[in-house]
Every structure is written in C-alpha cells, then in structure tokens.
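Below: the structure, in structure tokens.
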Amino acid sequence: MDAGRTPDDRRTHLRSQTLESLAVWTAKRGFEDFRASQVAGWIYNRPLAPVEAMHTLPAAVRAALTEDFVCSVPGLPGNQLSVDGTRKFLSQFEDGRIVESVIIPRDERLTLCISAQAGCAMDCKFCATATLGLLRNLEAGEIVGQILRAREFSAGHPLTNYVFMGMGEPLANYDRLLVAIEIMTARWGLGISPRRITVSTVGLVPQLERLVTETNVNIAVSLSAARDELRDRLMPVNRRYPLAELMGACKRLGLPKRKRVTFEYVMLAGVNDTKRDAEDLIRLFHGLAVKLNLIPFNPYPGSGFERPSDEHTRDFQERILAAGVHTTVRTSRGRDIDAACGQLAAASPPRDQG
Ligand code: SF4
C-alpha cells in the first residue's frame with residue numbers, strides 16, 4: 001500500500017512503464033541510460049518487491065522512483081485453494097479496491113485468469129461481477145501485478161496460459177490493456193508469447209478490430225445467445241453491437257493469423273440451451289471457422305438462473321458437433337471457492353489458506 005497517496009496524486013504506476021517510457025524518465029532525471037533496463041529487470045523479472053528492496057539501484061534512483069511513480073505492491077487480503085487445485089487470490093490496490101485472479105491447473109497447463117477492471121459496467125445477466133457495477137479501470141501495472149503475484153504462487157510450475165476472463169471487460173479498458181500486453185510480451189518485460197494470451201470480450205466491435213491489428217493475441221468472444229432478442233436481454237451490449245455487426249467483425253478478424261475465432265457460450269437451463277438455440281448457433285456460424293466453448297452456468301446467490309444437467313449439455317454439444325462446428329464443454333474448476341467462470345465478485349475476502 002502506498003500510504004502517502006492523495007486523491008489528486010497524478011503519478012502513474014511504476015509497473016505500467018515500458019522500457020521506452022523508463023528511458024525517457026532516466027534521461028529527464030539525468031541518470032545513466034542503462035538504469036532504464038536495470039529498473040525494468042527489477043520490476044518485471046523478479047518477485048513483487050517494494051522499491052526499497054531494489055538494492056542494486058543507487059539510493060538517488062530509488063528516491064526518484066518513489067517521487068515520480070506509484071510504486072506500491074498490491075496487498076494480498078486473501079487466497080484460497082480449491083479441492084481441484086484451482087487457486088483464487090485477491091489483489092488490493094492503494095485505494096482499497098480489490099480484484100480476483102484465478103490460477104487453474106489442467107493437464108499440463110497452468111492458466112492464469114486475469115482481471116482488467118474492478119467490477120464491470122457490461123451488466124451481463126448471468127455474471128456475479130456485473131452485480132458490482134464498474135468500480136474502476138485497472139492500471140496496466142495493476143494487471144501486470146496479478147501476473148507477478150501468480151508467478152510467486154506457482155513457483156516451480158510455470159504459468160503456460162494467460163486469459164483475460166476475470167473481472168471486467170478488458171476492451172472497455174483498452175489503452176491500459178494494450179500497455180499491459182506490451183509489458184507481458186516484451187523481452188525486457190515478462191517475455192510471454194502472444195499465442196499464450198487470450199483476451200475475452202463481450203464484443204465491443206471497434207476495440208476488437210483495433211486489438212486484432214495492434215496485437216497478435218488470441219480472441220475469445222462471449223456470445224451466450226444466437227439471436228438478438230435473447231442476447232439483448234442477457235447481454236445488454238448487444239443493443240449497441242447486434243449480432244450481425246459482431247459476426248461481421250469476426251469474419252474480418254485478420255484470419256488466418258488466428259485460424260479460428262473462439263466463442264464462449266454460458267449455458268442457462270431453459271433459457272438459451274434449447275434445440276432452437278442450437279440451430280440458431282449453427283446458422284450464425286455458417287461460413288466461419290470457429291471453436292465453440294460451452295460453459296454450463298455456475299450458480300451464485302440470487303442469480304435466478306440454473307445450470308443445465310450434464311446429460312442435457314452433452315445433447316446440446318452433440319447437436320452442434322453434428323453440424324461440423326468444433327464444440328467443447330468447459331469443465332468448471334474452483335466451484336467450491338466461487339472461482340469458476342462468472343462467479344468472481346470479490347464480495348468478501350476469502351480466508352487466507354496459504
Ligand atoms: S461476463 Fe464479463 S463483461 Fe459481462 S458483466 Fe461479467 S465481467 Fe463484465
């Protein structure tokens with residue numbers, strides 16, 4: 001926590017800096033050029049640590065860093081380990097806001113689910129985060145901080161995949177997301193291949209088109225209804241960017257660079273999982289190389305929706321598979337600690353379980 005921060009503090013986050021912006025800073029401050037990559041090494045290639053611990057930096061550089069940047073390390077007000085090995089942890093920032101991140105082991109992979117906002121304004125009707133409303137956007141450094149923290153938890157088992165499927169709509173925080181992706185993928189930063197990163201969106205079409213031209217990350221589109229009248233109700237963003245516009249954009253998504261577009265579909269019993277819904281999906285995907293990921297709804301208190309049975313989910317999947325659409329069912333992880341898809345709300349910090 002940065003106890004000295006006031007509401008009119010205009011400093012940016014230290015871990016939001018690129019090598020280029022650090023070079024500008026060192027020049028402005030009159031420090032040697034190599035200090036920029038030295039600082040980058042401390043903030044991106046080591047565990048999260050306060051500036052005071054960066055012992056190879058001269059005292060003058062450390063003092064200047066704390067004067068010019070927000071250098072706080074996120075607090076860790078809780079973390080929980082599920083019976084299936086999924087870990088949910090909280091990050092608390094200097095203004096007290098809390099977000100959730102989830103580390104999911106599956107086969108040989110270790111996936112980190114990252115939050116891009118505290119809360120969310122998109123109001124998807126099946127999502128616990130939506131009940132919070134948008135609290136604020138995260139800084140790039142707060143996004144990167146979740147990864148550094150996760151690396152500490154997973155020491156000895158490197159993270160293999162990074163998905164922006166935690167709290168918030170990443171494309172609604174576009175500029176900061178882009179900086180975070182630059183830090184994640186740069187050699188001076190976290191050195192992650194863009195092929196290992198997936199940004200999931202409800203379908204903010206202009207930002208989606210920008211992301212495709214400005215990065216090489218994978219895209220996942222949260223769909224959850226295949227006709228406008230139903231999607232308008234479940235995902236209000238559809239009133240701004242209806243299905244025809246969204247699917248048109250997906251067709252132009254710069255393939256074959258990404259080969260297939262992934263669509264996520266939260267299945268709500270009796271609402272969007274009927275034979276008609278399967279047929280609408282097949283029609284919607286006509287002429288497009290897609291991967292469909294079915295996610296049986298994970299209930300949370302007061303949601304008003306139910307999870308379809310495993311048998312019904314399988315039938316729905318097989319109906320779509322029979323039409324030649326690559327379709328998988330996501331097995332939920334971390335349901336016992338409310339860490340599964342759509343359950344993230346950081347309503348109350350979980351107990352610390354090491
Ligand atoms: S599903 Fe994603 S975009 Fe929709 S309300 Fe939840 S966090 Fe926001």
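For the reader, a short list of remarks on this structure follows.
- Selection status of LEU190, part of a helix (DSSP H, G or I) and hydrophobic (A, V, I, L, M, F, W, C): no
- Scanning region 101-131 for residues being within 11 Å of the ligand (Cβ to nearest atom) and of a type in the set (D, E, K, R) gives a total of 2.
- Cβ separations smaller than 8 Å between residues 6+ apart or across chains give the following pairs from region 142-159 residues that are assigned to a helix (DSSP H, G or I) to residues that are β-branched (Val, Ile, Thr) and modelled with pLDDT under 95: GLY145/VAL73.
- Test: residue in region 266-275 that is within 25 Å of the chain's Cα centre (by Cα) and either β-branched (Val, Ile, Thr) or at pLDDT below 95 (or both): yes
- Residue, surrounded by the most Cβ atoms within 10 Å (Cβ to Cβ), within region 195-253, restricted to residues that are part of a helix (DSSP H, G or I) and in contact (Cβ under 8 Å) with a residue 60 or more places away in the chain: VAL237
- In the set (1) buried (at least 18 other Cβ atoms within 10 Å of the Cβ); (2) in a loop (DSSP other than H, G, I, E, B), ALA64 fails one condition alone, (2).
The values are calculated or read from the model by the stated rules, or taken from the named source; none is laboratory data. These numbers were taken from a predicted model, which means no experiment stands behind them. Note that each Cβ is placed from the backbone with ideal geometry, even for glycine, and that neighbours are counted across all protein chains shown.
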